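The values are calculated or read from the model by the stated rules, or taken from the named source; none is laboratory data. Predicted model, so just to flag it, every value in this text is computed and none were measured. Positions of Cβ are backbone-derived with ideal geometry, glycine not excepted, and every protein chain shown enters the neighbour counts. Just the protein is used for accessible areas: all its heavy atoms, side chains included, with ligands, DNA and RNA removed. Shrake-Rupley method; radii C 1.70, N 1.55, O 1.52, S 1.80 Å.
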Amino acid sequence: TGGHWVAYEKPNFNGYQYILNKGEYPDYHHWMGFNNCIRSCQMFPPYRGAYRMRIYNRPEMSGHMMEFMDDCPNVFERFRYRDIFSSNVMEGYWVFYEHPNYRGRQYFLRPGEYRACSDWACHNPMVGSFRRMRSGL
């Protein structure tokens, strides 16, 4: 049991992303949805390992870098930049949020190199907060 569903507004894992844990969602407001449209989804099993990610204020993993192993409710307060242009997720699954305190659009990142914000399906590099994708979020 456990794990997470990543639901997408459009077919083929495109559009707005929503991270769903086990539970009931009587309407789209309960999953921070922008609308009630879900056209594709994928399941990720529970992850019990370590979490480690580097974020950068420039594309191609350049510029100012900071490494994280824990949640960050306000990127600007910790990183001193509002924009994250690239990221290297070394361990764990992470969720970027458009606004501080885990609000706004969500972006799911699995381990790998993200050389531009478009690599995580974002058109705007502004990230307000992020957290580890763990059971019971």
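State to the nearest 20 debye the size of the charge dipole of the chain about its Cα centre, where the only charges are +1 on K and R beta carbons and -1 on D and E beta carbons. Write out the running numbers ahead of the final one.
On the way: 17 positive and 13 negative charges, 24 e Å.
The calculation lands at about 120 debye.
Report, in whole Å, the centroid distance computed from the Cα atoms of the stretch 108-137 and the stretch 22-77.
If you average the Cα positions of each part, the centres end up 5 Å apart.
With every protein chain present, what is the per residue accessible area of the chain (1.4 Å probe, Å²)?
Normalised by residue count, the accessible surface of the chain is 55 Å².
How much net charge surrounds G104 when only other residues with a Cβ under 15 Å from its Cβ are counted (Lys, Arg +1; Asp, Glu -1)? Provide the component values of the computation, followed by the final result.
Values: positive: R82, R103, R105, R131; negative: E9, D83, E98.
Cβ neighbours under 15 Å give a net charge of +1.
Starting from the Kirkwood Rh over alpha-carbon pairs, what translational D in µm² s⁻¹ does the chain have by Stokes-Einstein at 10 °C and 1.306 mPa s? Spell out each step's value before the answer.
Details: Rh = 15.1 Å.
In µm²/s, the coefficient rounds to 105.
Could you work out the helix-only [θ] at 222 nm for the chain, with each DSSP H run of four or more residues adding -39,500 (n - 2.57) and the total divided by the number of residues, to the nearest 500 deg cm²/dmol?
-500 deg cm²/dmol
Please report, as a whole percent, how much of the solvent-accessible surface of the stretch 20-137 comes from carbon and sulfur atoms (probe radius 1.4 Å).
Working: 3170 of 6570 Å².
The computed percentage sits at 48.
Taking a probe of 1.4 angstrom, what is the accessible area of Y81 in Å², to the nearest 10?
Estimated to the nearest 10 Å², Y81 gives 90 Å².
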